[in-house]
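Participant: What follows is a single structure, and I will ask about it in a moment.
Readers should treat all values here as calculations from the given coordinates under stated rules, not as data from a laboratory. Please read all numbers here as calculations on a predicted model, not as lab measurements. In this analysis, Cβ positions are derived from the backbone assuming ideal geometry, glycine residues included, and neighbour counts consider all displayed protein chains.
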Amino acid sequence: MFKLALKNTLFYKGRSTATAVLTFASTILFILYISLTNGSHNAILENSLKIYTGAIEIYHKDYRDIGGNEYLIQNVKAITDKLAKIEAIEAYSTRYETYGLLSNKEHSAASMVAGIEPEKEKILSSLESALTEGAFLDKNSANCVYMGIELAKKLKLGIGDEVAFIGSASDGSFAADIFRVCATFKTGSFEFDSSSSFIARSYFDELMYAKNRASYITIKLKNIDDAEKVNSQIITIIDDENLESLTWKTLMRNMVESMEVDAVFGYISLSLFMVVIFFVIMIYGFINVSSRIKGFGVLRCIGLSKRNIFSILFYEILILSILATVLATPIAAYICYYYSINPIVIEGIADIYKDYGIVLNEIPFDFNLFTIGWNLGVIYLLNFLSILYPYMYINSFGPFEATRHV
Amino acid sequence: MIKLQNVNKYFYRGEPREVHALRDINLIIEAGEFTLFRGPSGCGKTTLLNVIGALDSCDSGEIFLQEREITALSEGERTNLRLHEMGFVFQAYNLIPVLNVEENIGFVMRLRGFSDSDIKKRVLEVATLLEIDNKLKSLPNALSGGQQQRVAVARAVAAKPKIILADEPTANLDSKNSEILIGMMRELNEREEISILFASHDELIMRSVTRIVTLIDGAVADDYKQ
Ligand SMILES: Nc1ncnc2c1ncn2[C@@H]1O[C@H](COP(=O)(O)OP(=O)(O)OP(=O)(O)O)[C@@H](O)[C@H]1O
Ligand SMILES: [Mg+2]
């Protein structure tokens, strides 16, 4: 049967080529489409995580909803000691965030001012790599402020300029100081760049009475996919019902939701795409088969079983699918690979997604052999499904009836 | 031996356009007979060949091939029966266009699992007999009608079936080619003890066969051996 199928595909060159080309094109489109979708999602996720949000963050309950000094984490050291024991955690850092008024002689602006551990932030976030001018903080930075570039512009500040800070310390008392702009940063997120500034905790804690307290602890994992698992581990180890430990999925719910919506639309358009491929291949196969009803009838008459007929159709589509995918896969994989390393640049993409912290106008593809593997599986499946209806159509004729079919 | 007992066949049974295509057919065809079914167009010749060849079912009556009741077989069993015991020659040759002459002739044997060397030997044997041995590597569409029909006969006989059913095998051939074909089939019939059943109007066939069954309106009107 295989040989006959092979000869059929070679004999009917036109329609074999057309089927193979269809499969070829749909394989390439399909792989690229999935790769692009996955790639852009990964990029959004990675960028937003890298800037400032951790894979997991630990808060005092209600801090995120209500905020304020009552909901600071106390006795931070006890918690971080416990975190140090968890294998899967690559790094953690404590942050003390507060809001205050920054002003120079003429301008003032409200800003988040956060006390950070500069050495640890280098590992945890991309704050350091967002540096545009000056030098990133370290623990001897004293009253140096690391300021978002948009905020600096708003306040008309340059490197070395002084700026007054007014806020309230962790005990509720009045806190004021003069900071000096040591460096500016640009993440690409306008929101963030226009309302954030950072001070080394070593200095800021004194001012704010914030020693051994924190707004939250941010955690970086060795592998982000472990987030849920490690999170439950953290909850068990810390064992404090006043604290909550949340993964990025919760922390960035808005973004995750929009990504999921995006994914749902992705899947809808994907299934439309597959339905189209399916019908194109099937209708094409059906037309082919209809024109061969007579031939199949003859085969049935001289003693081929229905199973034999099915085998012929199956092998034909198998041969063509293999041919098409063998050609298409390396091409598609190479394109994915190429664009995963050299992402496509689309001007303006960052503007659309800047709320989510997309920094670059780049859309990387995802190069993942497993994904390509299941994509191929889907293509084969569609192709095989597409012979079922033509097969049933053939069988709707009796053997002799079919030989008379025109 | 083929035995038909009270075979009836209808098309569109129960509808106003019902056709009673075969009426109470009773026939015994001995092994090795060279038989012609004849009669006016629409009398049921093709239908009769088809029910004997297990291509079609009948509505009542029984057909036996040797001891086996064809009419009681499942579809799969009938397919198997066609493969192992029957050979078919069609009016329109119906060769497999993608296979060359040699492969076409050997096709049924291959399906039945004969060894390559057996197939090769037998193909050459029947091809020589039918004088197409010089065309073994050609594709069917490179052959004349007469040659194609000889390939079809070769395909039908190659696997040594018990019966060959040939529906108007000469309808597309000129008289010279018809004569050659019938002569060769007669030779095969005698040499290999294959029963051959024709359905045809062809005078030529009428002169060559050993038995003529005349059908009229689906019933046997006349049956004589010459
Ligand atoms: N598949 C079918 N569906 C409906 N009616 C059919 C079918 N096949 C044959 N018939 C009818 O059965 C009757 C016998 O047809 P059959 O084909 O056996 O005649 P025939 O003797 O072979 O005729 P011809 O010499 O023209 O080939 C005819 O009336 C025909 O119309
Ligand atoms: Mg007929």
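Participant: So for each of A:371-377, A:149-155 I average, over its residues, the number of other beta carbons within 10 Å; can you give me the resulting order with the highest mean first? All intermediate terms of the calculation are to be shown ahead of the outcome.
Facilitator: On the way: A:371-377: 15.7, A:149-155: 20.3.
Top to bottom by mean Cβ count within 10 Å: A:149-155, A:371-377.
Participant: Between residue B:133 and residue A:123, what is the spin-label point distance in nm, taking each point 7 Å from the Cα along the Cα→C-beta axis?
Facilitator: Output for this residue pair reads 8.8 nm.
Participant: Relative to the Cα centre, what is the charge dipole magnitude of chain A, using +1 at the beta carbon of each Lys and Arg, -1 at the beta carbon of each Asp and Glu, and rounding to the nearest 20 debye?
Facilitator: It works out to roughly 2780 debye.
Participant: Can you list, by residue number, the Cys in chain A that have no neighbouring cysteine C-beta under 4.7 Å?
Facilitator: Flagged as lacking a Cys partner: A:301, A:336.
Participant: In a GNM of chain A with a 10 Å cut-off on Cα contacts, which of A:211, A:61, A:85 has the highest mean-square fluctuation?
Facilitator: Among A:211, A:61, A:85, the largest mean-square fluctuation in the Gaussian network model of chain A belongs to A:85.
Participant: Consider a paramagnetic label point 7 Å from the Cα of residue A:61 along Cα→Cβ; state which residues of the stretch A:70-108 have an amide N under 19 Å from it.
Facilitator: A:70-76, A:79
Participant: Can you tell me the order of A:379-385, A:168-174, B:175-181 when each peptide is scored by its average per-residue count of other Cβ atoms within 10 angstrom, highest first? If you can, show how the numbers build up before the last one.
Facilitator: Values: A:379-385: 18.1, A:168-174: 13.4, B:175-181: 16.6.
Peptide ranking by packing, descending: A:379-385, B:175-181, A:168-174.
Participant: Next question, about the same structure. Would you mind checking which residues have amide H under 5 Å from residue A:133's amide H? H placed 1.01 Å from N; only 5 or more apart, or other chain.
Facilitator: For residue A:133, the qualifying residues are A:184.
Participant: Also, I was wondering about something else. Step through the residues of the stretch A:16-22 one at a time and calculate ³J(HN,Hα) from phi using the Karplus curve (6.51 cos²θ - 1.76 cosθ + 1.60, θ = phi - 60°), rounding each to whole Hz and writing x for Gly and Pro.
Facilitator: 4, 4, 4, 4, 5, 5, 4
Participant: Okay, moving on. By how many nm would the segment from residue A:135 to residue A:384 grow when fully extended, if each residue of separation counts as 0.36 nm and the alpha-carbon distance is taken off?
Facilitator: So the chain would gain 83.5 nm between residue A:135 and residue A:384.
Participant: Can you compute the modelled spin-label distance between residue B:28 and residue A:406, with each label point 7 Å from Cα toward Cβ, in nm?
Facilitator: 4.3
Participant: For chain A, what does -39500 (n - 2.57) per DSSP helix run (n ≥ 4), summed and divided by total residues, give at 222 nm, in deg cm²/dmol to the nearest 500?
Facilitator: -17500 deg cm²/dmol
Participant: Convert each backbone phi in the stretch B:151-162 into a coupling constant with the Karplus relation 6.51 cos²θ - 1.76 cosθ + 1.60 (shift: θ = phi - 60°), then list the ³J(HN,Hα) values in order as whole Hz, x for Gly and Pro.
Facilitator: Once rounded to whole Hz, the list reads 5, 4, 5, 4, 4, 5, 8, 3, 7, 6, x, 7.
Participant: Here's a follow-up. Add +1 for every Lys or Arg and -1 for every Asp or Glu among the other residues with Cβ under 13 Å from the Cβ of residue B:212, and state the total.
Facilitator: So the surrounding residues net to 0.
Participant: Between residue B:186 and residue A:6, what FRET efficiency comes out of the Förster formula 1/(1 + (r/R0)^6) with R0 = 51 Å and r the beta carbon distance, rounded to 0.05?
Facilitator: Details: r = 38 Å, r/R0 = 0.74.
With R0 = 51 Å, the Cβ-Cβ based efficiency is 0.85.
Participant: For a Förster distance of 41 Å, can you work out the FRET efficiency between the beta-carbons of residue A:17 and residue A:374, rounded to the nearest 0.05? Each step should come with its number before you reach the end.
Facilitator: Values: r = 27 Å, r/R0 = 0.66.
Using R0 = 41 Å, I get an efficiency of 0.95.
Participant: Ok, one more. Given the peptides B:13-20, B:76-83, arrange them by the average over their residues of other C-beta atoms within 10 Å, most packed first.
Facilitator: Packing proxy ranking, top to bottom: B:76-83, B:13-20.
Participant: Report, to the nearest 10°, how far helix B:101-111 tilts away from the longest principal axis of the Cα atoms in chain B, using its own Cα long axis and a range of 0 to 90°.
Facilitator: 60
Participant: Something else: Just to confirm my numbers, what's the Cα centroid distance between the stretch B:129-173 and the stretch A:272-315 in Å?
Facilitator: 27
Participant: Roughly how crowded by other chains is peptide A:293-301, in terms of the mean Cβ count from those chains within 10 Å of each of its Cβ atoms?
Facilitator: 4
Participant: With a cut-off of 8 Å between alpha carbons and a minimum separation of six or more residues, what is the relative contact order of chain B in percent?
Facilitator: 30
Participant: Take chain B, compute every pairwise Cα distance, and split them into 5 Å bins from 0; I just need the percent in each bin.
Facilitator: P(r) for chain B, in whole percents per bin: 1, 7, 15, 19, 20, 16, 12, 7, 3, 1, 0, 0.
Participant: Another one. What are the residues whose amide H is under 5 Å from the amide H of residue B:89, where those residues sit 5 or more places off or on another chain and H is modelled from the backbone?
Facilitator: HN-HN under 5 Å from residue B:89: B:165, B:166, B:167.
Participant: Would you grab the residues whose amide H sits under 5 Å from the one on residue A:60? Only those 5+ places off in sequence or on another chain, please, with H modelled 1.01 Å from N.
Facilitator: A:73, A:244
Participant: Here is a follow-up. Just going by the charge dipole of the protein assembly as shown, with Lys and Arg at +1 and Asp and Glu at -1 on Cβ, which of B:140, A:146, A:309 is farthest out on the positive end?
Facilitator: Projecting each Cα onto the dipole axis, the largest value belongs to B:140.
Participant: Can you compute the label reach from residue B:210? Point 7 Å from Cα along the Cβ direction, backbone N cut-off under 19 Å, restricted to the stretch B:18-32.
Facilitator: Under cut-off, by backbone N: B:27-32.
Participant: Residue by residue, what Karplus-based ³J(HN,Hα) values in Hz, rounded to whole numbers, does the stretch A:396-403 have, using 6.51, -1.76 and 1.60 with θ = phi - 60° and x for Gly and Pro?
Facilitator: Along the stretch A:396-403, the couplings run 6, 9, x, x, 6, 3, 5, 5 Hz.
Participant: Please give me the summed charge of the neighbours of residue A:74: other residues whose Cβ is under 11 Å from its Cβ, Lys and Arg +1, Asp and Glu -1.
Facilitator: The answer is +1.
Participant: Right, something else. Just tell me how shielded B:83-92 is by partners: mean number of partner chain Cβ atoms within 10 Å of each residue's Cβ, no decimals.
Facilitator: Values: counts 5, 1, 1, 3, 2, 7, 0, 7, 2, 4.
Mean number of neighbouring Cβ atoms from other chains: 3.
Participant: Specify, per residue and in Å³, the volume enclosed by the convex hull of the alpha carbon atoms belonging to the protein assembly as shown. If you can, show how the numbers build up before the last one.
Facilitator: Numbers: hull volume 143.9 nm³, N = 632.
Cα-based convex hull of the protein assembly as shown, divided per residue, equals 228 Å³.
Participant: Further question on the same structure: Report, in debye and to the nearest 20, how large the dipole of the stretch A:54-251 comes out about its Cα centre when Lys and Arg carry +1 and Asp and Glu carry -1 on their Cβ.
Facilitator: Numbers: 22 positive and 31 negative charges, 66 e Å.
Approximately 320 debye in magnitude.
Participant: Any chance you could run the full-extension gain for residue A:212 through residue A:306? It's 0.36 nm times the residue separation minus the Cα-Cα distance, nm to one decimal.
Facilitator: Answer, rounded to one decimal: 26.0 nm.
Participant: I need to check one value: relative contact order of the stretch A:54-251, counting alpha carbon pairs closer than 8 Å and at least 6 residues apart, in percent.
Facilitator: Reported as a whole number, the value is 35 percent.
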